[in-house]
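Working notes for the structure below.
The values are calculated or read from the model by the stated rules, or taken from the named source; none is laboratory data. Keep in mind it's a predicted model, so treat the numbers as computed, not measured. Neighbour counts are summed over all protein chains in view; Cβ atoms, including those assigned to glycine, are modelled from backbone coordinates with ideal geometry.
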2 protein chains.
Amino acid sequence: MGISELFREKLAVVNIGVPLFFNDLEKQGHEAVQVDWTPPAGGDPRLIAALERLEAVSGRIEEANRQTFEIINAAHPYLEGIGTARDVIPGLEGRMLLHAGPPIAWPRMSGPLRGAMIGAILYEGWARDASEAERLAASGEIAYSPCHEHGAVGPMAGVVSPSMPVFIIHNRTHGNYTYCTINEGLGKVLRFGAYGPEVLQRLKWIETELAPTLKKALELSGGIDLKSIIAQILHMGDEGHNRNKAGTSLAFRALAPFMVQTGVDREIIRKCLVFIDKNDHFFLNLSMPACKAVLDAASGVPYSTLVTTMSRNGTEFGVRVSGTGQAWFTGPANIVEGLLFPGYTAADANPDLGDSAITETAGIGGFAMAAAPAIVQFVGGSAPDALEYSKLMYQITYGENGMYTIPALDFRGTPTGIDVRKVVESGILPNINTGIAHKDPGVGQVGAGLVKPPRECFEKALLALAEAL
Amino acid sequence: MGISELFREKLAVVNIGVPLFFNDLEKQGHEAVQVDWTPPAGGDPRLIAALERLEAVSGRIEEANRQTFEIINAAHPYLEGIGTARDVIPGLEGRMLLHAGPPIAWPRMSGPLRGAMIGAILYEGWARDASEAERLAASGEIAYSPCHEHGAVGPMAGVVSPSMPVFIIHNRTHGNYTYCTINEGLGKVLRFGAYGPEVLQRLKWIETELAPTLKKALELSGGIDLKSIIAQILHMGDEGHNRNKAGTSLAFRALAPFMVQTGVDREIIRKCLVFIDKNDHFFLNLSMPACKAVLDAASGVPYSTLVTTMSRNGTEFGVRVSGTGQAWFTGPANIVEGLLFPGYTAADANPDLGDSAITETAGIGGFAMAAAPAIVQFVGGSAPDALEYSKLMYQITYGENGMYTIPALDFRGTPTGIDVRKVVESGILPNINTGIAHKDPGVGQVGAGLVKPPRECFEKALLALAEAL
């Protein structure tokens, strides 16, 4: 129809982006629809150019992402045993300490990471007291390396020292192994940067009584199916990162009969059972290496734009992408927004810390909050928020998990496989829920909440992917 | 304004009830709003008269219901021990067998209830085989009595015989005790009317190994707080009737350390742990007597119109109300609509059976399905349905539970305290989810689903309440 006819009909206006025109129409009493819109990648020409270069090979990328996603779905992690870190973790030797997040040297380490390093040095007997440990830590005689570069993960500071017992997780589909320490409980614990006598005493008890008991039980068990447990706990109000009450319960049920079957002294077994029962985060140190076992297998697929690591050392946030293999893309760690324990203020909080965002990277944790509405009592927000957090993540992920489903979304698979392109193009950042450490060494946890990665990690990754073409 | 002015304005029509006028307006192109409405109590003059008589003393009823609801909220059930039925259950003596639901004599008993009676007679050694047991059962030499009249409850057939071990639950707030057998697991089990050798063998093992071990563990425990466990499992995807996976897990965690602490042989402890771990309905036989302990305390408040019992014997559904004490108001049990196990059809299903509707009566089970969206995989329907079932129940209940909350409804208390007046007036019946037994003796479970009580139970109760004035 001709332009003159157009104006004979009732005016129908849809305004996209900047709302000035919409506002004028509204003032004049005309009906109009305003659509929120921002240009892709925030309008940044470098990023748009990179997206366009990737778009030119979108067929190859799509095929690589499909392959990566299939690996993630097919991976099947089992808890198979317990070993001493130096014996089982590849490359952990001499005076080396592993830590959460991307690589970092002592001078740039945050308080809780330093606190955990001091604690680990004391635990290893490399120093007699905290000040000697701190001098040694800064001396250059200690080698620091990310857990993630050794098949390991650790919550919060994530410090692993050579004598520590670690869970051994085996991805039976793809053959790779991952490792994680045994969760110490809440309050004053090494992973939150505390290193007092009670912290070290607990670590020694874990080494001498708990770990040997669990090791014998696991030998009898033939391996515990972590993929099955994670699938079940998503129907039991856990999301596998900050709610692990169901996971801890199912692991307890799986382990207890075998613990009784070992020849270990009954009183030690009883103490071990009580220790696990008193710590609803026991399962976190199993959900994390289970996710790591899945994602390590999915790393290194050429052209794949799916994220295989998100991790924080308390100073920087680091991302790794399947198609760029072991390269880290980092940015400053953000402050966690959430609920602080009584007596603490925002000024006490350390920036985002820990390898635990491996759960979100694998499609659980903050991505599965719709499965765990009760978590909002711990990290803040309301139950409807928890639903929305999960729904939003479908916009930046490759697909729906084939094994992990969310009952409240009518059993939809969890949003899985973060696509760097989608994050940069949409500006929607991954939703992570996490604990909050005190910024000073030696204090411990001060709260829990929600946090997002810095945008630049994904932007750098995108540029590197385009560059590599 | 005058009637002539009325018709100068645009016609605004709200039509209530019969839609004929609304339909005409719609046909003529006029806008109108149709409000679904039915007369209170289905327009039944006897019921309306009874509601009016109760309305005349609504102040006293309101005060009685407030008091009843306060008792329900204040009650605090603990699992305190295990005893032999004949030693601990008041009035269970000689050749008496307890059963689920309202009173019923042998000739009117349904197949699964008969099957369980046959099994119990064999278990007690009162007969040498099934046909001798059946003759004895019909001979008049066996006394039958409802569990509910002895402080006891039982799932499905709910048969309790004198030698059976039973959990002892103590409402520490009000001092009353309740009792329930130990859950046998799924498949061919006594409560679904099976009585084969494997059923009797399992019951004997429960009596000789499991019960003594749990009894010793409970002596060491000082009592296990069932109110706290039920509050937790509603945040873990259970509703305490057909989903008890979290409840079983938390009970397992609470019991295992004390079981290890007993002097019982390790292999027996291991077998007991494996037995509990293999049966996610273990906790049903604790959630039920916990609810019974709450509601028994709330029974007998004069003028109270709140329901204290809903229960079925496979032939009839029975309701008891606080203000009318021990009197039963019965109607024919309905057929359960739900999911049948492969190989079975609706023709195999027995009508509604079991004391387990005590959970709905106490504000959990079908009333708390919004807390357990994954249950729809077992009883049918979708996750949004589960939300709606709970929401609807607020319309027929006195208030929101002070301890039991539903995360997905932003931690609203569960709908608690069914008011007979509201049920009759609104026509909304309580929502119960339940197992389905085969209609023949000796077979077992064939499915699970949703069911409603017959309306007449509530109508009879209402008339009795009005009559009593």
Restricting attention to the range B:260-269, which residues are facing chain A (nearest Cβ under 8 Å) and in contact (Cβ under 8 Å) with a residue 24 or more places away in the chain? B:GLN261, B:ILE269
Which residues, taken from the range A:401-423, are of a type outside the set (A, V, I, L, M, F, W, C) and under 18 Å from the mean Cα position of the chain (by Cα)? A:ASN401, A:TYR404, A:THR414, A:PRO415, A:THR416, A:GLY417, A:ASP419
For B:LEU255, state whether it is within 14 Å of chain A (Cβ to nearest Cβ), within 28 Å of A:ALA246 (Cβ to Cβ) and either within 23 Å of the chain's Cα centre (by Cα) or touching a residue at least 24 places away in the same chain (Cβ under 8 Å) (or both). yes
Among helices (runs of 4 or more DSSP H) completely within the range A:374-437, the ones holding 1 or more residues that are within 27 Å of A:ARG191 (Cβ to Cβ) and not assigned by TED's automatic domain parsing to the domain that holds A:LEU190 are A:376-379, A:383-393
Scan of the range B:386-405 for residues that are farther than 21 Å from B:ALA64 by Cα, in contact with a Pro (Cβ under 7 Å, 6 or more places away or on another chain) and at pLDDT 95 or above, ordered by number: B:SER390
Does B:GLY427 qualify as being more than 10 Å from chain A (Cβ to nearest Cβ), buried (at least 24 other Cβ atoms within 10 Å of the Cβ) and modelled with pLDDT of 95 or more? no
Can you go through A:LYS227, A:LYS188 and tell me which one is of a type in the set (D, E, K, R) and more than 21 Å from the chain's Cα centre (by Cα)? A:LYS188
Quick one: would you say A:ILE396 is more than 14 Å from every other protein chain (Cβ to nearest Cβ), buried (at least 24 other Cβ atoms within 10 Å of the Cβ) and without any contact (Cβ under 8 Å) to a residue 60 or more places away in the chain? yes
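Each row is one residue, and each column tells you yes or no for (1) modelled with pLDDT of 95 or more; (2) touching a helix residue (DSSP H, G or I) at 6+ places or on another chain (Cβ under 7 Å); (3) more than 27 Å from A:ILE71 (Cβ to Cβ); (4) surrounded by fewer than 23 Cβ atoms within 10 Å (Cβ to Cβ).
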| site | (1), (2), (3), (4) |
| --- | --- |
| A:ALA298 | yes, yes, no, no |
| A:VAL321 | yes, yes, no, no |
| A:ALA327 | yes, yes, no, yes |
| A:PRO332 | yes, no, yes, yes |
| A:PHE341 | no, no, yes, yes |
Among (1) modelled with pLDDT of 95 or more; (2) buried (at least 19 other Cβ atoms within 10 Å of the Cβ); (3) in contact with a strand residue (DSSP E or B) (Cβ under 7 Å, 6 or more places away or on another chain), B:LEU462 falls short only on (3)
Of the listed residues (A:ALA383, A:ALA408), the one being at pLDDT below 95, surrounded by 22 or more Cβ atoms within 10 Å (Cβ to Cβ), farther than 22 Å from A:VAL153 by Cβ and in contact with a helix residue (DSSP H, G or I) (Cβ under 6 Å, 6 or more places away or on another chain) is A:ALA383
Checking B:LEU353 against (1) within 14 Å of chain A (Cβ to nearest Cβ); (2) on the phi < 0 side of the Ramachandran plot, which test does it fail? (1)
Cβ pairs under 7 Å, 6+ apart, first in the range A:311-329 and free of Cβ contacts under 8 Å to residues at least 40 places away in the same chain, second part of a loop (DSSP other than H, G, I, E, B): A:GLY325/A:SER299; A:GLY325/A:GLY300
Among the candidates A:ASP348, A:ASP385, A:ASP410, A:ASP419, single out the residue that is over 20 Å from A:HIS235 (Cβ atoms), within 14 Å of chain B (Cβ to nearest Cβ) and among the charged types (D, E, K, R). A:ASP385
Whether any residue in the range A:218-226 is within 14 Å of another protein chain (Cβ to nearest Cβ) and in a helix (DSSP H, G or I) is what I want to check. yes
Between a first residue in the range B:102-122 that is free of Cβ contacts under 8 Å to residues at least 60 places away in the same chain and a second residue that is part of a helix (DSSP H, G or I) and among the charged types (D, E, K, R), which pairs have beta carbons less than 8 Å apart while being 6 or more apart in sequence or on different chains? B:TRP106/B:ARG114
Selection status of B:VAL260, more than 25 Å from the chain's Cα centre (by Cα) and part of a loop (DSSP other than H, G, I, E, B): no
Can you tell me which residues in the range A:227-248 are away from chain B (no Cβ under 12 Å), buried (at least 24 other Cβ atoms within 10 Å of the Cβ) and part of a helix (DSSP H, G or I)? A:ILE230
Where residues in the range B:359-375 are within 13 Å of chain A (Cβ to nearest Cβ) and out of contact with any Leu (no Cβ under 7 Å at 6 or more places or on another chain), which of them is surrounded by the most Cβ atoms within 10 Å (Cβ to Cβ)? B:ALA372
Does A:ARG202 satisfy the criteria of being at pLDDT 95 or above and over 22 Å from the mean Cα position of the chain (by Cα)? yes
Could you tell me whether any residue of the range B:132-140 is under 19 Å from the mean Cα position of the chain (by Cα) and either surrounded by fewer than 18 Cβ atoms within 10 Å (Cβ to Cβ) or in the same structural domain as B:GLY444 (by TED's automatic domain parsing) (or both)? no
Pairs, please: C-beta under 6 Å, at least 6 apart or cross-chain, first residue buried (at least 24 other Cβ atoms within 10 Å of the Cβ) and in the range B:177-199, second part of a strand (DSSP E or B) and aromatic (Phe, Trp, Tyr)? B:CYS180/B:PHE167
Would you please name the residue that is farthest from A:GLY240 (Cα to Cα), looking only at residues in the range A:358-387 that are of a type outside the set (A, V, I, L, M, F, W, C) and within 17 Å of the chain's Cα centre (by Cα)? A:THR361
Any residue at all in the range A:37-51 that is of a type in the set (S, T, N, Q) and surrounded by 13 or more Cβ atoms within 10 Å (Cβ to Cβ)? no
Against the condition more than 14 Å from chain A (Cβ to nearest Cβ) and aromatic (Phe, Trp, Tyr), how does B:PHE378 come out, does it pass? no
Per the filter on the range B:64-94, residues within 26 Å of the chain's Cα centre (by Cα), farther than 30 Å from B:PHE252 by Cα and either at pLDDT 95 or above or buried (at least 21 other Cβ atoms within 10 Å of the Cβ) (or both) are B:ALA64, B:ASN65, B:ARG66, B:GLN67, B:THR68, B:PHE69, B:GLU70, B:GLY91
Among the listed residues B:THR315, B:THR309, B:THR324, identify the single one that is in contact with a His (Cβ under 7 Å, 6 or more places away or on another chain), under 29 Å from B:TRP106 (Cα atoms) and more than 10 Å from every other protein chain (Cβ to nearest Cβ). B:THR309
